[in-house]
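See structure below.
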Amino acid sequence: MKNKKILITAVDQPPGRGAYESLKIAGFRNLYTCDSNKNSYFNHIKKKKFYIVENAESKTYLSSIKKIVKKNKIEIIIPCIEPEVIFWSKNFKKLKNVKFLLPNNNTLINAIDKLKLKKIANELGITYPKTISLEKLKINSLNFPCILKPKIGWGMRGFYFVKNLIELRIL
């Protein structure tokens, strides 16, 4: 297994860097990496096995990954950030003879949709932050400060820390 050729995506992001370092420590030697950041540490230090690719939302992302897979005979791909995990959960069959480290699509959808995740957490008795859809939001019932986030998203995209009603109305 440690001789398998593995491609780790988004290696300039903490999950990608963590996956790379963990596999390296575990003795894996055929590690290839890619990221959309041209200024990546890996582009300067690990040039031989590092590739610059477009982000997963790009029309050319799949063809870029296919070229890396073909050139290096990649056997396993580990997508490391949400846009790439989402992309590959829908498109993994487009790469023949390549395995992916991915959750199944239903699990993925439940994990990234905050309202679905809240429902699952409640059913399991797990404490979860108060979560309300915008359709059901009653502005006068909000306790400030509060956090606003999109229903589906990751990282800090669309994250707002709102201190009062005036700030909320500005958003």
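Sort through 105, 143 and tell me the only one that's among the polar types (S, T, N, Q) and more than 30 Å from residue 23 (Cα to Cα). Show your work before the answer.
Working: 105 fails: more than 30 Å from residue 23 (Cα to Cα).
Just a single option satisfies the conditions, and that option is 143.
May I ask you to list the residues in segment 67-85 that are in a helix (DSSP H, G or I) and not acidic (Asp, Glu)? Within segment 67-85, 67, 68, 69, 70, 71, 72, 83, 85 meet the criteria. Scanning segment 11-24 for residues that are of a type in the set (A, V, I, L, M, F, W, C) and at pLDDT 95 or above yields a count of 2.
Considering 68, 45, the condition of being open to solvent by 20 Å² or more (accessible area, probe 1.4 Å) and either closer than 22 Å to residue 24 by Cα or at pLDDT 90 or above (or both) is satisfied by 45 alone. Can you say whether residue 15 is within 15 Å of the chain's Cα centre (by Cα) and open to solvent by less than 50 Å² (accessible area, probe 1.4 Å), as far as the supplied structure shows? For residue 15, the condition - within 15 Å of the chain's Cα centre (by Cα) and open to solvent by less than 50 Å² (accessible area, probe 1.4 Å) - is not met. When 131, 127 are checked against the criterion of being assigned to a loop (DSSP other than H, G, I, E, B), in contact with a helix residue (DSSP H, G or I) (Cβ under 8 Å, 6 or more places away or on another chain) and modelled with pLDDT of 85 or more, 127 stands alone in meeting it. Assess whether residue 11 counts as being touching a helix residue (DSSP H, G or I) at 6+ places or on another chain (Cβ under 6 Å) and over 17 Å from residue 102 (Cα atoms). The answer is no for residue 11. If only residues of segment 151-171 that are open to solvent by less than 100 Å² (accessible area, probe 1.4 Å) and touching a residue at least 24 places away in the same chain (Cβ under 8 Å) are counted, the one that is nearest to residue 14 (Cα to Cα) is 155.
Could you list all residues from segment 139-156 that are in a loop (DSSP other than H, G, I, E, B) and modelled with pLDDT under 75? Give the derivation first.
At the first step, the residues of segment 139-156 found to be in a loop (DSSP other than H, G, I, E, B) are 142-145, 149-151, 153-156.
153, 154, 155, 156 - these are the residues of segment 139-156 that are in a loop (DSSP other than H, G, I, E, B) and modelled with pLDDT under 75.
The values are calculated or read from the model by the stated rules, or taken from the named source; none is laboratory data. Keep in mind that this is a model prediction, so the values were computed, not measured. Cβ sites come from the backbone with ideal geometry, for glycine too, and all protein chains shown count toward neighbours. For accessibility, only protein heavy atoms count, side chains too; no ligands or nucleic acids. Shrake-Rupley method; radii C 1.70, N 1.55, O 1.52, S 1.80 Å.
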